[in-house]
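Just so you know, all these numbers are worked out from the coordinates, no wet-lab data involved. Only a predicted model underlies this, so the values are computations on that prediction, with no experimental measurement involved. Quick reminder, even Gly has a Cβ in these numbers, built from the backbone with ideal geometry, and neighbours come from all protein chains shown.
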Amino acid sequence: MSRKIYMVGNWKMNQKLEEIRNFFDNVKEIRSDMKCECWIAPQYIHIPIIQEMANVRDKIKVGAQNCANHEKGAYTGEVSPIALKDLNVHFTIIGHSERRSIYKEEDKLLNEKTKLALETGLNVIFCVGETLEEREEGNTMKVVKAQIIKGLEDLPSKYLSNLVVAYEPVWAIGTGKTATPDQAQEVHAYIREEMKELFGADGQNVSILYGGSVKPGNVAELLDQPDIDGGLVGGASLKPDNYVALCKVADEKSS
Ligand code: PGA
């Protein structure tokens, strides 16, 4: 299993239909022969519309930002991984820090979601990361380790080829404050070791993305780090020219 390079746009709760059409009209330089993985996670409701767009059929894969921890039933407002798979949705993000902090999603729930989504056949981007306070107290590795161990508990290793981990320091998300390449690399290397501990060689080969104020101006030096396998990008992924620039760097690093 070899590590791929990813450029994933997490659009969060942004974008109206007109903006989405404008985006896909202006990312034609993302070609199907690019070697990197180009993924976009819009709001659920936009997924089927986006799947119809040409560059999506060619290259860009569409995913969700979350999914339920149950297959079906009386869970008003939730979206089942079965429903996502049924619509050929490629992946889902699980455990983004906004889900953890605003919606109080805890490790046990995230573990259930991750396992169910993978069993259903979705790819999963599982997110971890420390707050500023946790970093300042010297607890970054401890926090990240606990999130990995609890979030991926009892995960059968046959699913590792559909798993991507994202390290997103909470203090760097949407703040314009990126972790330095060295700071990010240190945590990525630690996560890779932890994945090896938990799952052996296949765990070590899981791609680990960095997220937190990634933009065209800083992506190359981040992707130069040996354990950074791509980006999970919020703000900068909303603009087509930025997303194209990010994917071009990811493609170069894939070659
Ligand atoms: P940002 O968001 O790039 O706007 O910092 C990243 C994320 O939350 O995934």
Percent relative contact order for the chain, counting Cα pairs under 8 Å at least six residues apart, stands at 23
Reduced to Cα centres, the span from the range 60-77 to the range 162-226 in Å works out to 25
Rounded to two decimals, the Rg over Rh value of the chain from Cα coordinates and the Kirkwood Rh reads 0.93
Within the range 89-155, pairs of Lys residues whose Cα atoms are less than 18 angstrom apart, provided they are eight or more positions apart or on distinct chains, add up to 8
Whole-number value, in Å³ per residue, for the convex hull of the alpha carbons of the range 141-237 is 91
Ranked on Cβ counts within 10 Å of their own Cβ, fewest leading, 7, 141 go 141, 7
Computed from the beta carbon distance with a Förster radius of 41 Å, FRET efficiency for residue 14 and residue 201 to the nearest 0.05 stands at 0.60
Ranked on Cβ counts within 10 Å of their own Cβ, fewest leading, 188, 96 go 188, 96
Computed for the chain: size of charge dipole around the Cα centre, +1 on C-beta of each Lys and Arg, -1 on C-beta of each Asp and Glu, debye to nearest 20, value 580
When 143, 214, 62, 164 are arranged by how many other beta-carbons sit within 10 Å of their Cβ, fewest first, they go 143, 62, 164, 214
The equivalent-ellipsoid semi-axes of the range 1-136, taken as the square roots of five times the Cα gyration tensor eigenvalues and listed largest first in whole Å, are 25, 18, 16
Taking the chain and counting helices only, DSSP H stretches of n ≥ 4 at -39,500 (n - 2.57) each over all residues, the nearest-500 ellipticity at 222 nm comes to -12000 deg cm²/dmol
